[in-house]
1. How far apart, in nanometres, would the label points at GLN329 and ASP95 be if each is projected 7 angstrom from Cα along the Cα-to-Cβ direction?
2. Once you place label points 7 Å from the Cα toward the Cβ at GLN228 and GLU433, how far apart are they in nm?
3. Mind ranking 244-251, 286-293, 134-141, 217-224 by how tightly packed they are, going by the mean number of other C-beta atoms within 10 angstrom, highest first?
4. Which ordering of GLU469, GLU429, GLU272 is given by a fewest-first count of other beta-carbon atoms within 10 Å?
5. Using a Förster distance of 30 angstrom, determine the FRET efficiency expected from the C-beta separation of ALA360 and GLU5, and round it to 0.05.
6. Once fully extended, how much extra length lies between LYS393 and ALA84, figured as 0.36 nm per residue of separation less the alpha-carbon to alpha-carbon distance?
7. Take the alpha-carbon positions of region 395-505, form their convex hull, and give its projected area averaged over all directions (one quarter of the hull surface) in nm².
8. With an 8 Å Cα cut-off and a minimum separation of 6 or more residues, compute the relative contact order for the chain in percent.
Amino acid sequence: MIIGEVLAPAVRDRPDAPALVAPAGTLSYAELDQAAARAAGAWWELGVRPGDRVGACLQNDLDIAVAYHGAQRIGAIWAGINEAYPAAEQQAIVDLISPAVVLAGSRWKASAGRVIGLPAWRSLLDTAPAAPRVAIDPDAPAGIGLTSGTTGTPKGIVHSHRNLLLPGAVLVATRGWGPSLRKGDCLPLTLLNMQVLTTLLTAQAGGCCVLTGRRDAEGVAAWIAEHQVTVWNGVPAQLHDLVGRPSPALPSLEEVWCGGAALPEELRQAFEAVHRVPVRATYGLSEAPTVVAIDPVGSHGQNGAGGQVLPHLEVAAYDPSGQRLAAGQAGELCLAGATTGRWAGAWTPALGQWRDGAIASFDDRAVPPLPFPTGDIGTVSADGWLTVTDRKKLIIVRGGANVYPAEVERVIRRHPVVAEVAVFGVPDERLGEKVAALVQFRDSTDPQADLAAVGDLCRAELARYKVPEAWSAVDAFPLNAMGKIVRTSLAALLAERARLPTASRRLPRGTLRRRRPW
């Protein structure tokens, strides 16, 4: 199947059923199919041809979903450009993908060769002739997903039609979804992963995709209640905010997914206690694409795990020499397609990364490595439970000893005053690196005392070489579109805080001094 055919079964069987609910209105399956056909004609009228890249910088609403489906019907390669990015980051994406056309909303800040605004686009939808029928290979490139960029410049990951349809098919089958599914998403559809998990997934279930651009707790809660969302996908910070805002009630929810970062067990328990809704941990990857592991239906999950590996994939840990490790041993997590069962042979790696106007391999070799390395360090149990220890690139090597930031962050997050934390390495002449931490508190009246208390917790729970040696409190962290902390900014943020007067920093005495190595 290709993406242009994904609506066909529901159009045939349930043409009047709602396919898409968004701030601007509702489209049935028949209406979405007709709108996608008009969008295909509009793209064609703009000169877009198979293999051309098209960009979209739009909010979560009908326009972006319709434009996406239309582009897929003529063999264009889709790339989202996040509205929230500053001009320089939007421009970097444009420069990377060289789009034939960019469909731009009010928050477009960059420049491109050809840009069409929403008023002109909507007019073109009404006047453009139908696009010709285009023969499309399921393995042809369909989208460029930009990695979230927490540790460096984002890469453009190229996926085929087959790649982008597979996650939805597997999730629908393994979770037993059907026409009653009302999947709500508030994360931006300019992320390719979210296109996969919204209308592509719900179309395969024959259910309804419910979109909003609201990401604040009050707005999300009201939206879930108004539109009777049954499954909602959020990030830990949103779950935390909803714990503190238990109304309006969310009786329609059957499960909540937590993605983008590790799910603290304390947060899971708190959310479930307040809202009486099961929270599912997930682990995903732009290169997969999307969900790799998730807590199974009916399972409470396992503390610290990112879920159980989905059946179309095989995930295992490997040592630095490329040798597969035994179940439960820590190493770099690598992906391969399942070799047994219903989904055997269904998964293939991403086509490559977009670079210099073409698809290139990930590591400059002619053939991408298999199994595919994720860049994450972790374990996979014998029964498929996946636990991420840390990002391979984030490991702090302090005096020859490895420190995993995620391990330290888990300890710090257990303190009730901590809202968010980031642990990272900073250069040290003697040790190579030392451990640093930035902490955001919840309604703190005395950050100095709170930092001291968090330091005491670390000294009680961690080996001495893992305890942060440079600390500061921050009001907020720089976040990307998925709500992940932008780690490339952390060292500069720490340095900036260290330059503030002591009275402003309110740090506990000695928190910035060098400690003994052990």
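Taken together, the values in this text are just the output of simple stated rules run on the coordinates, not laboratory data. Only a predicted model underlies this, so the values are computations on that prediction, with no experimental measurement involved. Every residue, glycine among them, receives a Cβ derived from its backbone with ideal geometry; neighbour counts consider all protein chains shown.
1. My value for the distance between the label points is 4.4 nm.
2. 5.1 nm
3. Working: 244-251: 12.8, 286-293: 24.6, 134-141: 14.9, 217-224: 18.8.
Most protected by this proxy first, the peptides run 286-293, 217-224, 134-141, 244-251.
4. Numbers: GLU469 22, GLU429 7, GLU272 15.
The fewest-first ordering by Cβ neighbours comes to GLU429, GLU272, GLU469.
5. On the way: r = 29 Å, r/R0 = 0.96.
Efficiency, rounded to the nearest 0.05: 0.55.
6. On the way: separation 309, 0.36 × 309 = 111.24 nm, distance 2.58 nm.
Full extension of this stretch gives 108.7 nm more.
7. Working: hull surface 28.3 nm².
Average of the hull's projected areas for region 395-505 equals 7.1 nm².
8. Working: 1118 pairs, mean separation 54.3, N = 518.
It comes to 10 percent, rounded to a whole number.
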